[in-house]
1. When you go through (1) in contact with a strand residue (DSSP E or B) (Cβ under 9 Å, 6 or more places away or on another chain); (2) over 21 Å from Phe39 (Cβ atoms) one by one for Leu202, which number turns out not to apply?
2. Restricting the search to region 190-223, which residues are among the hydroxyl-bearing types (Ser, Thr, Tyr) and within 22 Å of Gly54 (Cα to Cα)?
3. What are the pairs, 6+ residues apart or on separate chains, where a residue within region 19-42 that is in contact (Cβ under 8 Å) with a residue 60 or more places away in the chain and among the basic types (Lys, Arg) has its Cβ under 6 Å from a residue that is surrounded by fewer than 19 Cβ atoms within 10 Å (Cβ to Cβ) and part of a strand (DSSP E or B)?
4. Pull out all pairs, ordered by first then second residue, where Cβ-Cβ is under 8 Å, the residues are six or more apart or on different chains, the first lies in region 171-197 and is under 25 Å from Arg96 (Cβ atoms) and touching a residue at least 60 places away in the same chain (Cβ under 8 Å), and the second is of a type in the set (Phe, Trp, Tyr) and assigned to a loop (DSSP other than H, G, I, E, B).
5. So is Leu75 crowded, with 20+ Cβ neighbours inside 10 Å, touching a Phe, Trp or Tyr at 6+ places or on another chain (Cβ under 8 Å) and closer than 29 Å to Arg201 by Cβ or not?
6. What number of residues in region 131-141 are touching a residue at least 24 places away in the same chain (Cβ under 8 Å) and not acidic (Asp, Glu)?
7. Which of the residues belonging to region 128-152 are in a helix (DSSP H, G or I), closer than 24 Å to Thr181 by Cβ and touching a Lys or Arg at 6+ places or on another chain (Cβ under 8 Å)?
Amino acid sequence: MSRNTHAAGAFDADPAVVRFDDVSMRYGRAPETLKDLTFSLAPGSFHFVTGASGAGKTSLLKLIFLAARPSKGLLHLFGQDVSAIAPREQPFLRRRIGVVYQEFKLLEHLSAFDNTALPLRIAGRKPESYRQDVAELLTWVGLRSRMHAMPATLAGGEKQRLAIARAVVNRPDILLADEPTGNVDHEMGLRILRLFVELNRLGTTILIATHDQDLVAASGMPVLHLDEGRLTRLAGGSAA
């Protein structure tokens with residue numbers, strides 16, 4: 001599985017792919033969901049975000065994917081201030097970010113192959129240009145024999161691995177995953193973790209939001225912990 005590359009200067013002058021400087025976020029007039037976050041993610045790093053339900057893990061991922069905006073502070077992606085990014089430019093930036101959603105968000109009328117290939121079709125690629133790549137990717141996640149299966153016939157672990165394949169088919173620079181093992185057993189969770197570790201070895205920056213402490217312990221990766229919207233540093237973390 002080859003890694004996507006970008007032209008020199010893709011990360012601009014800032015070596016971090018993600019940088020939060022005193023960032024807060026709220027929904028409407030509600031109290032702040034995230035409060036005064038300051039941290040950065042280096043290219044090729046691997047972090048977990050942990051915290052109790054409602055601590056703000058999903059909101060943090062939404063900020064990075066440009067699905068929400070900070071109410072305060074500065075957020076930089078790939079060296080760019082997100083507040084200065086025009087709406088028409090956001091889709092191009094999002095293509096550098098893969099997302100594995102907690103609810104999978106698979107299209108039930110499409111096969112596993114077509115679900116995986118969907119981001120490429122949306123980007124205007126022709127089937128003949130990606131057919132082999134998608135087949136290799138489904139093999140990589142252990143779904144080659146299920147590539148023509150419909151989502152309704154897949155087990156929970158298979159759906160999760162399919163969601164991962166779809167998220168990485170564009171070879172993103174960053175992969176965000178929201179509770180990726182929440183619907184699978186421990187053994188399948190470890191298998192999914194191995195997929196993330198392999199992807200990270202290929203150069204993708206990984207950020208996983210989870211409450212699965214066994215998964216975190218098995219990984220040995222740095223942890224950023226959210227406590228009522230505030231970020232604290234645990235062993236190996238990089239929160240300031």
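1. Condition (1) is where Leu202 drops out.
2. Of region 190-223, the ones among the hydroxyl-bearing types (Ser, Thr, Tyr) are 204-205, 210, 219.
Residue satisfying the conditions is Thr210 alone.
3. Cβ pairs passing all conditions: Lys35/Ser24; Lys35/Arg230.
4. Here the result reads Asp173/Phe78; Leu176/Phe65; Asp178/Tyr101, each pair linking region 171-197 to a residue that is of a type in the set (Phe, Trp, Tyr) and assigned to a loop (DSSP other than H, G, I, E, B).
5. On the way: crowded, with 20+ Cβ neighbours inside 10 Å: yes; touching a Phe, Trp or Tyr at 6+ places or on another chain (Cβ under 8 Å): yes; closer than 29 Å to Arg201 by Cβ: yes.
Yes, satisfied.
6. Residues that pass the stated criteria total 5.
7. Leu138, Pro151
Each row is one residue, and each column tells you yes or no for (1) surrounded by 14 or more Cβ atoms within 10 Å (Cβ to Cβ); (2) within 23 Å of Val184 (Cα to Cα); (3) in contact with a strand residue (DSSP E or B) (Cβ under 9 Å, 6 or more places away or on another chain); (4) free of Cβ contacts under 8 Å to residues at least 12 places away in the same chain.
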{"site": "Ala84", "(1), (2), (3), (4)": "no, no, no, yes"}
{"site": "Val99", "(1), (2), (3), (4)": "yes, yes, yes, no"}
{"site": "Gln102", "(1), (2), (3), (4)": "yes, yes, yes, no"}
{"site": "Ala112", "(1), (2), (3), (4)": "yes, yes, no, no"}
{"site": "Leu120", "(1), (2), (3), (4)": "yes, no, no, no"}
{"site": "Ser129", "(1), (2), (3), (4)": "no, no, no, yes"}
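The values are calculated or read from the model by the stated rules, or taken from the named source; none is laboratory data. Keep in mind that this is a model prediction, so the values were computed, not measured. Heads up, the Cβs are rebuilt from the backbone with ideal geometry, glycines too, and the neighbour counts pull from every protein chain shown.
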